[in-house]
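Enquirer: Next up is a structure, given as structure tokens.
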Amino acid sequence: MSSISENIEKIEKGLKQETRLVAVTKTKPVEILMEAYQAGARCFGENKVQEMTSKYEQLPKDIEWHMIGHLQSNKVKYMASYVALVHSVDSFKLLKEINKEAKKHDRVICCLLQIYIASEETKFGLSQEEAIEIVTSPELKNLTNIQISGLMGMASNTPDLAIVRSEFRALKALFDSFKKYKNERVKMEELSMGMSGDYQIAMEEGSTLVRVGSAIFGSR
Ligand SMILES: *Cc1c(COP(=O)(O)O)cnc(C)c1O
């Protein structure tokens with residue numbers, strides 16, 4: 001059995017220079033997160049606000065906390081003071097709520113639009129058309145406390161890696177096409193795609209953030 005530090009080291013070694021590791025720590029206790037921290041991980045991904053906030057309070061303050069899970073508007077206030085990146089924005093309403101709470105802390109919170117790329121029914125996310133509507137909305141200029149920093153997507157959960165690759169490739173193409181919408185609120189800098197089973201493919205297809213849990217910490 002390999003240790004957390006060995007897993008992190010092995011994954012980091014295989015990443016391209018432009019790809020960063022988000023260690024997905026959901027359901028893991030703080031002792032395990034501390035082990036990852038001591039192995040050099042500084043970027044943790046969580047999918048529940050309450051759990052993330054409790055861990056934030058207990059752990060060193062140079063950790064970047066990334067919200068990667070489906071987010072309810074009424075939870076935004078609990079993380080607005082510290083969250084580094086929200087990967088999972090799937091509505092304009094949520095973006096407005098993040099802006100409102102960020103303003104209270106005099107911060108600009110970076111957000112990714114979660115795009116629906118899988119062929120499965122269950123995944124959250126925006127269609128291309130809905131995402132275009134958000135980045136071209138005239139209302140966006142008033143949201144001075146958020147920045148749309150890129151896109152996030154999850155590939156289909158299938159052993160057919162050709163399907164996975166084509167979904168990542170399509171998301172990268174959308175990401176590149178969104179660069180034309182660049183303005184004060186919109187800067188396409190981060191492309192969050194790839195998990196334990198497919199992060200190498202995602203990286204080959206241009207991911208800048210891979211979200212890896214079980215390949216570091218074992219199964220949940
Ligand atoms: C849990 C989770 C991951 C990590 O999944 P692993 O297969 O354990 O690497 C990545 N992204 C999201 C959105 C998740 O919820």
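Enquirer: Expressed as a whole number of Å, what is the distance separating the alpha-carbon centroids of region 158-220 and region 1-66?
Expert: 18 Å
Enquirer: With each pseudo-label sitting 7 Å past Cα toward Cβ, what's the residue 132-residue 30 distance in nm, one decimal?
Expert: Computed distance between label sites residue 132 and residue 30 equals 4.7 nm.
Enquirer: Classify the chain as rounded, prolate or oblate from the Cα gyration tensor: take a ≥ b ≥ c as the square roots of its eigenvalues, call it rounded if a/c is under 1.5, otherwise prolate when a/b beats b/c and oblate if not.
Expert: Cα axes put the chain in the oblate bin.
Enquirer: Suppose R0 equals 30 Å. What FRET efficiency, 1/(1 + (r/R0)^6) with r the Cβ-Cβ distance, do residue 176 and residue 74 give to the nearest 0.05?
Expert: The value I calculate is 0.30.
Enquirer: FRET efficiency for residue 160 and residue 58, Cβ-Cβ distance as r, R0 = 41 Å, nearest 0.05?
Expert: Details: r = 41 Å, r/R0 = 1.00.
So the FRET efficiency works out to roughly 0.50.
Enquirer: Still on this structure, I have one more. Would you mind computing, in nm to one decimal, how far apart the modelled labels at residue 139 and residue 12 are, each placed 7 Å from Cα along Cα→Cβ?
Expert: Rounded to a tenth, the inter-label distance reads 4.2 nm.
Enquirer: A further question on this structure: Kindly provide the GluC sites (Glu not before Pro) of region 117-154 that DSSP labels as loop, not H, G, I, E or B, and whose Cβ sees at most 15 other Cβ atoms within 10 Å.
Expert: 120, 121
Only the coordinates and a few stated rules stand behind these numbers; no lab work does. What you see is a predicted model; the values in this text were computed from it and never measured. Note that we place each Cβ from the backbone using ideal geometry, even for glycine, and neighbour counts take in every protein chain shown.
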